[in-house]
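> For reference, the structure I am asking about is given below.
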Amino acid sequence: MKKVKRRKIPLRTCIGCQEQKTKKELIRIVRTPTGTVEFDPTGKKAGRGAYICKRRSCLEKAVNAKRIEKSLRHEVSPQILLDLEQQLPEDEFDEE
């Protein structure tokens, strides 16, 4: 009898709360080769990426600890951070 291989589910760490979750539970932030920082809903854009939960508290923790800049190895302007915050889903509530 042939054994069925289980697919490995990729885990990523949220840069806000530092919890490991599946890629589908997180949102990818990417620094593109042109140097812009933006959300990557597909998770396939070219560039250096970092993952964050769909909670505003995680974004705030990442901003306060400068984890976005460290992860992307790039300066992030306050305007880009505001844009990222506005793109977070409104219906997600803090679990804390």
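Taken together, the values in this text are just the output of simple stated rules run on the coordinates, not laboratory data. For clarity, every value in this text was computed on a predicted model and none was experimentally measured. We place every Cβ from the backbone using ideal geometry, glycine too, and count neighbours over all the protein chains shown.
> Quick one: go through the stretch 25-60 and flag any residue whose amide nitrogen is under 15 Å from the point 7 Å out along the Cα-to-Cβ line of residue 86.
38-39
> So what's the back-of-envelope 222 nm ellipticity for the chain, counting only DSSP H runs of four-plus at -39500 (n - 2.57) apiece and dividing by all residues, rounded to 500?
When only DSSP H runs of four or more count, the value is -7000 deg cm²/dmol.
> What does the charge count around residue 45 come to, taking other residues whose C-beta lies under 11 Å from its C-beta (Lys +1, Arg +1, Asp -1, Glu -1)?
So the surrounding residues net to +2.
> Then there is this: Students often get this wrong, so try it: which of (1) 38; (2) 59; (3) 31 is percent of Cα pairs over 21 Å apart as calculated from the structure shown?
(3)
> Given 37, 77, 52, which one lies farthest toward the positive end of the charge dipole of the stretch 11-87, if we put +1 on the Cβ of every Lys and Arg and -1 on the Cβ of every Asp and Glu?
The residue sitting farthest along the positive end of the dipole is 52.
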